[in-house]
Amino acid sequence: MHPRGRSVLQTVLHRPNLAGFDFASSEVNEALIRQLHRYDFIEPADNVVLAGGPGTGKTHIATALGVQAIEHHKKRVRFFSTVELVNALEQEKAQGKAGHIAGRLVHADLVILDELGDLPFSASGGALLFHLLSKLYERTSVAITTNLSFSEWPAVFGDAKMTTALLDRLNYHCHSLETGNDSFRFKNSSAQKSQKRKEKSSPSPNHEAQIITNRRVKSQ
């Protein structure tokens, strides 16, 4: 991945928005999401953490916030897969260019880090990500999506003290939201399968009419 990251508008062909999000099927705090959608959190460089299981809408919400920031508020937003960003940080360090990515991102209004914890990275990579987030602290808002609780973050970064310091800074001005653990895709798939089973088990009107006709013929 290019170390500059991607504009949110480049991440997907179909640009997610809150109008396309099924709040009725989600455990997320809708009122807080809509408040964040007004972008009052960007001026003071507050952060957002979206935590929940796979398929619960974390990336959809984060990307929708980014799209809204660009299209309606003219904000500068960058999007990264977290593990790809860590790889880019390690690569620039190996090339003797450490600090270039951080130098660019401090000029962004919002940086979205997607899927923290989905894939592992090295302890050295975790340290580089820590230093980047420290650089962005109170300068640039950071939105993180993750399937981990805060208590599980030390396992990702490989250093409990460093992770505690990171969480102290991240949570100082932070909006934390939980999206639950039930996947939308799994729910939809299960609902569709249940509906199909009902359709198979419920005889059609034509089938019932045929049964009645057959009974009449036999009685004659």
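The values are calculated or read from the model by the stated rules, or taken from the named source; none is laboratory data. These figures come from a predicted structure and were not determined experimentally. Note: ideal-geometry Cβ built from the backbone for every residue, glycine included; neighbour counts use all protein chains shown.
Tabulated results
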quantity	calculated
Some residue of segment 109-117 being on the phi > 0 side of the Ramachandran plot and either surrounded by 14 or more Cβ atoms within 10 Å (Cβ to Cβ) or among the hydrophobic types (A, V, I, L, M, F, W, C) (or both)	yes
Enumerated helices (runs of 4 or more DSSP H) restricted to segment 39-125, each holding at least 1 residues that are of a type in the set (Asp, Glu) and within 24 Å of Thr179 (Cα to Cα)	82-94
Count of residues meeting criterion [polar (S, T, N, Q) and free of Cβ contacts under 8 Å to residues at least 12 places away in the same chain] in segment 119-162	1
The lone exception for His173 - which of (1) in contact with an Asp or Glu (Cβ under 9 Å, 6 or more places away or on another chain); (2) at pLDDT 95 or above; (3) not polar (S, T, N, Q) it fails	(2)
One residue from Ile70, Ile42, Ile61 being under 15 Å from the mean Cα position of the chain (by Cα) and modelled with pLDDT of 90 or more	Ile61
Residue count for segment 126-141, restricted to those that are over 16 Å from Glu92 (Cα atoms) and touching an Asp or Glu at 6+ places or on another chain (Cβ under 8 Å)	2
Residues (buried (at least 16 other Cβ atoms within 10 Å of the Cβ) and closer than 25 Å to Ser151 by Cβ) located in segment 19-44	Ser26, Val28, Asn29, Ile33, Leu36, Phe41
Single residue of Lys74, Lys58 found to be in contact with a Gly (Cβ under 8 Å, 6 or more places away or on another chain) and either touching a residue at least 12 places away in the same chain (Cβ under 8 Å) or of a type outside the set (Val, Ile, Thr) (or both)	Lys58
Those residues of segment 150-182 which are under 17 Å from the mean Cα position of the chain (by Cα) and aromatic (Phe, Trp, Tyr), in sequence order	Phe150, Trp153
Whichever residue in segment 149-164 is hydrophobic (A, V, I, L, M, F, W, C) and either surrounded by fewer than 15 Cβ atoms within 10 Å (Cβ to Cβ) or touching a His at 6+ places or on another chain (Cβ under 8 Å) (or both) and, among such residues, is modelled with the highest pLDDT	Ala160
Filtered residue count, segment 1-36, keeping only those that are at pLDDT below 90, part of a loop (DSSP other than H, G, I, E, B) and of a type outside the set (Lys, Arg)	11
